[in-house]
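**Q** Have a look at this one before I ask anything.
The values are calculated or read from the model by the stated rules, or taken from the named source; none is laboratory data. Since the model is a prediction, treat every value here as computed from it, not as a measurement. Neighbour counts are summed over all protein chains in view; Cβ atoms, including those assigned to glycine, are modelled from backbone coordinates with ideal geometry. Ligands, DNA and RNA are excluded from the accessible area calculation, which covers all protein heavy atoms including side chains. Shrake-Rupley method; radii C 1.70, N 1.55, O 1.52, S 1.80 Å.
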Amino acid sequence: MAVAFVQTVNNSGLGVNSHNIVVNAVAAGNFLGLCTTVWTGGGGPSNVTPTSSPTNTWNTTTAPTQLNGASCFICYAMNAASGNTTITVDYGTGFYIRASATEFSGVSTSAAIDQQAANNGSSTAPTSGTTGTTVQANELVMAVLCVNSSETNCGIDPATTGYTNLFTNQNSAEANGHSSDYKIVSATGTQSAAWGTLTVTQDWIAKIATFKEAGAAAATSLPLRRAFPMSIMMQ
Amino acid sequence: MARRVVIPQALYQPGTYTSNLDQFNPQTNEIVVSLTRVAWPGTPEDDVARITVLWNDGSGGEWELPGGVILTREGLPLAASVVQVSVPEVASGNGRAKKNVASGTVTFLVRQALTTAITAEAQ
């Protein structure tokens, strides 16, 4: 079954103590990807594991190194339970958050995570870093960018190349600048994302992760069969 | 009901307060709710209130609001807690489309008496 986008819900909170995002009518067995960008005044947010109702098993990817109190995270739940789903993340006290919660079908229901990378910097050219080579052709790639500044217009372009944007907000002065994006690939290779040229030099943090499509079996080698010479007896 | 509700500064006693928004146009992208922080009780570790914003399909967001003084990046007191929820998007044909949401509900649960002015708007 091919990976396919189902739905996405995006929201933001400025000066909040926990954050719930509610996704309507999740289908049983589907994949939920949560991309968050966060700033806290307490020295930088930690990688936290979301919870949800109905209960799903949530997983984190390796957190990027935070930069001046800001970071971004990709978390995911495989083989989700069906129904209206409330996803909760809590990064501490009085944090600023933007998040997209996206449902996909066709993602592996176990051991879906494949490759990942992270990057941060202070410049006008945010990039995710480059992953290792994916182990199979058909995969979902998710990427998220956090821009941490006092700019009301960060100048973020949706991720390139081949990505579809899930959520963009340019106002870093209000929470943070955010872009979450995805693409579905059909060939093995390394993956990366870039978000154009920002208006001015700003702090940014980025994360990328790939997830395997369901049902793709690993290539196996057939046993080598010795060919026996045949002779035809003509009578 | 309306697309924008503005409630001037008032003292809210503990309880639940609800506003509804509708009269959306096809350009509606989000609901934004702003709550001014006027000497809120408690400390930032206290969840003194909760704000819930839901579309008529049940999707949306919910946030616990801290008491006391929250600081901005510049070290200044945050003037207002602001929450935002976008219209959901679903698969449509070979692409995506915004859901045809008809209304939204804003629910303000107050746990400790606090003073705030509220603006809720479908933008």
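**Q** If the Cβ limit is 9 Å and pairs must be 6+ apart or interchain, which residue in the range A:47-60 that is open to solvent by 70 Å² or more (accessible area, probe 1.4 Å) pairs with which residue that is assigned to a loop (DSSP other than H, G, I, E, B) and among the acidic types (Asp, Glu)?
**A** Within 9 Å, the pairs are A:Thr51/A:Asp90.
**Q** Restricting the search to the range B:87-111, which residues are touching a Lys or Arg at 6+ places or on another chain (Cβ under 8 Å), within 24 Å of A:Asn169 (Cβ to Cβ) and among the charged types (D, E, K, R)?
**A** Listed by number, the list holds a single entry, B:Glu89.
**Q** With a cut-off of at least 3 residues that are under 14 Å from the mean Cα position of the chain (by Cα), name the strands (runs of 3 or more DSSP E) lying wholly within the range A:6-116.
**A** Per the criteria, A:31-39, A:58-60, A:70-77, A:95-105.
**Q** Looking only at the range A:21-38, filter to residues that are crowded, with 24+ Cβ neighbours inside 10 Å and facing another protein chain (nearest Cβ under 7 Å); which one of those is farthest from A:Tyr96 (Cα to Cα)?
**A** A:Val23
**Q** Looking only at residues in the range B:41-51 that are within 17 Å of the chain's Cα centre (by Cα) and more than 8 Å from every other protein chain (Cβ to nearest Cβ), which one is farthest from A:His178 (Cα to Cα)?
**A** B:Val48
**Q** Can you tell me which residue is nearest to the other protein chains (Cβ to nearest Cβ) among those in the range B:54-112 that are acidic (Asp, Glu) and not in a strand (DSSP E or B)?
**A** B:Asp57
Conditions (1) open to solvent by 60 Å² or more (accessible area, probe 1.4 Å); (2) under 14 Å from the mean Cα position of the chain (by Cα); (3) among the hydroxyl-bearing types (Ser, Thr, Tyr), marked per residue:
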| residue | (1), (2), (3) |
| --- | --- |
| B:Glu74 | yes, no, no |
| B:Val83 | no, yes, no |
| B:Glu89 | no, no, no |
| B:Gly93 | yes, no, no |
| B:Ala113 | no, no, no |
| B:Thr116 | no, yes, yes |
| B:Ala120 | no, yes, no |
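**Q** Further question: Tell me which strands (runs of 3 or more DSSP E) are completely within the range A:129-208 and hold 1 or more residues being away from chain B (no Cβ under 14 Å) and farther than 30 Å from B:Pro77 by Cβ, or say none if there are none.
**A** A:138-148, A:177-186
**Q** Sticking with this one: Among residues belonging to the range B:21-55 that are surrounded by fewer than 19 Cβ atoms within 10 Å (Cβ to Cβ) and in contact with a Gly (Cβ under 7 Å, 6 or more places away or on another chain), point out the one that is nearest to A:Thr88 (Cα to Cα).
**A** My answer is B:Asp46.
**Q** Within the range B:23-38, how many residues turn out to be without any contact (Cβ under 8 Å) to a residue 60 or more places away in the chain and in a strand (DSSP E or B)?
**A** The number of residues fulfilling the criteria is 0.
**Q** Right, another one. Scan the range B:85-113 and report the pairs whose first residue is more than 20 Å from B:Thr28 (Cα to Cα) and whose second residue is modelled with pLDDT under 90 and in a loop (DSSP other than H, G, I, E, B), with Cβ atoms within less than 9 Å and a gap of 6+ or a chain change.
**A** none
**Q** Still on this structure, I have one more. Which members of the range A:76-102 meet the condition of being within 11 Å of chain B (Cβ to nearest Cβ) and under 13 Å from A:Phe211 (Cβ atoms)?
**A** Result: A:Thr102, single match.
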